[in-house]
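Below: one structure, written as structure tokens.
The values are calculated or read from the model by the stated rules, or taken from the named source; none is laboratory data. A quick note: this is a predicted structure, and the numbers were derived from the prediction, not measured. Every residue, glycine among them, receives a Cβ derived from its backbone with ideal geometry; neighbour counts consider all protein chains shown.
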Amino acid sequence: MTGFSAAWLRLREPFDRLARSAALARGFAAAVHRQAEGPLRIVDLAAGSGANFRALAPLLGSDQDWLLVDHDPALLTAQRAEIVDWATRHGWRWTADGEHIAVDTGQARWRVRGLRLDLASELEALERIPFDGLVTTAFLDLVSATWLDRLGNLLARQQRPLLATLTVDGRRTWHPPHPADAQVLAGFTRHQGVDKGFGASLANEAVAHLAAGLAGHGHAVTTARSDWRIGPAQQDMLRYLLDEATAVAHATAPAAAAAGLIAGWAAARRTQLEGGLLSLEIGHLDLLALPPRP
């Protein structure tokens, strides 16, 4: 699966960072520290440009080895640039050694490398890679029930914790309300369910499905809301999401589009955007799954 640009991931990263559940992140950190011997070994699925590493490494705190898995070579390349820029802005030393980047904060050393892997067909290859914890963000809603069952089985065999953040749950509320909001949301929901390369996407039901499967394996599962709140001043993000919603609604709600409802909705929203009157909330869920203790 490809199609997410580094520019889009850079735009959304600050919203993700604010929305993440701090409590679940702390629970994940405690779990990996309990079982690790030496540097914490973290695998990030569909890692994109490395936002999970940048969000979680300071919280985990100690020496760490990260494997950032993605199938898009452009994003694997972007990881290095984004991590170097991030480390530089924090005043941390960094070095590049072949495929690894090492960030030295003075209190801890974090080694990072990317791995190109087709998670649709090669998920089980991770069983050959030792890790203390698995993370992913903004990914579970793109995959099928069958793929989520494979992930649950892998975690059950490995007995490792999972932190999955920023999975959409179907809540999307524009302010102020508009009569065509329901048609636009319905079209967007239909679009989310199409095959993204992993089978028919579970989209809004992904967290509930994975939570039930992992609980069946004996994992202790906790979820928490991690909603985006995008205010009138955050116009770049609002404009991106407005354009996206308009394009998707035109493609997936042809009757509403033919009747002019989508065009009218988009025009009204653009006027509100330019006038500083538009805001948006998008619902997400974070999930923490901890294996049963020995």
May I ask you to verify whether TRP8 is among the hydrophobic types (A, V, I, L, M, F, W, C), surrounded by fewer than 19 Cβ atoms within 10 Å (Cβ to Cβ), touching an Asp or Glu at 6+ places or on another chain (Cβ under 8 Å) and over 19 Å from ALA164 (Cα atoms)?
no
The condition from (1) touching a Phe, Trp or Tyr at 6+ places or on another chain (Cβ under 6 Å); (2) polar (S, T, N, Q); (3) under 30 Å from THR146 (Cβ atoms) that THR105 misses is numbered (3)
Give the residue that is farthest from HIS284 (Cα to Cα), with candidates limited to residues of region 161-173 that are surrounded by 22 or more Cβ atoms within 10 Å (Cβ to Cβ) and not polar (S, T, N, Q).
PRO161
Would you please list the contacts, defined by Cβ atoms under 9 Å and residues six or more apart or on different chains, that run from a residue in region 192-206 that is in contact (Cβ under 8 Å) with a residue 24 or more places away in the chain and among the basic types (Lys, Arg) to a residue that is crowded, with 19+ Cβ neighbours inside 10 Å and assigned to a loop (DSSP other than H, G, I, E, B)?
LYS196/VAL143; LYS196/SER144
Taking into account only those residues within region 77-109 that are over 15 Å from TRP66 (Cα atoms) and in contact with a helix residue (DSSP H, G or I) (Cβ under 7 Å, 6 or more places away or on another chain), which is surrounded by the most Cβ atoms within 10 Å (Cβ to Cβ)?
ALA78
So GLY199, is it surrounded by fewer than 21 Cβ atoms within 10 Å (Cβ to Cβ), in contact with a Ser or Thr (Cβ under 7 Å, 6 or more places away or on another chain) and either over 30 Å from ARG269 (Cα atoms) or among the acidic types (Asp, Glu) (or both)
yes
Those helices (runs of 4 or more DSSP H) lying entirely in region 1-70 with at least 2 residues of a type in the set (D, E, K, R) and at pLDDT 95 or above
6-19
Got at least one residue in region 29-49 being closer than 27 Å to ASP141 by Cβ, touching a helix residue (DSSP H, G or I) at 6+ places or on another chain (Cβ under 8 Å) and surrounded by fewer than 21 Cβ atoms within 10 Å (Cβ to Cβ)?
yes
Within region 223-247, which residues are farther than 21 Å from ASP181 by Cβ and either free of Cβ contacts under 8 Å to residues at least 12 places away in the same chain or surrounded by 15 or more Cβ atoms within 10 Å (Cβ to Cβ) (or both)?
THR223, ALA224, SER226
Just checking, how many residues over region 110-125 are surrounded by fewer than 22 Cβ atoms within 10 Å (Cβ to Cβ), in contact (Cβ under 8 Å) with a residue 24 or more places away in the chain and part of a helix (DSSP H, G or I)?
3
Whichever residue in region 76-104 is part of a loop (DSSP other than H, G, I, E, B) and within 18 Å of SER62 (Cα to Cα) and, among such residues, is nearest to the chain's Cα centre (by Cα)
HIS90
So is PHE131 touching a strand residue (DSSP E or B) at 6+ places or on another chain (Cβ under 8 Å), of a type in the set (Phe, Trp, Tyr) and either surrounded by 22 or more Cβ atoms within 10 Å (Cβ to Cβ) or at pLDDT 95 or above (or both) or not?
yes
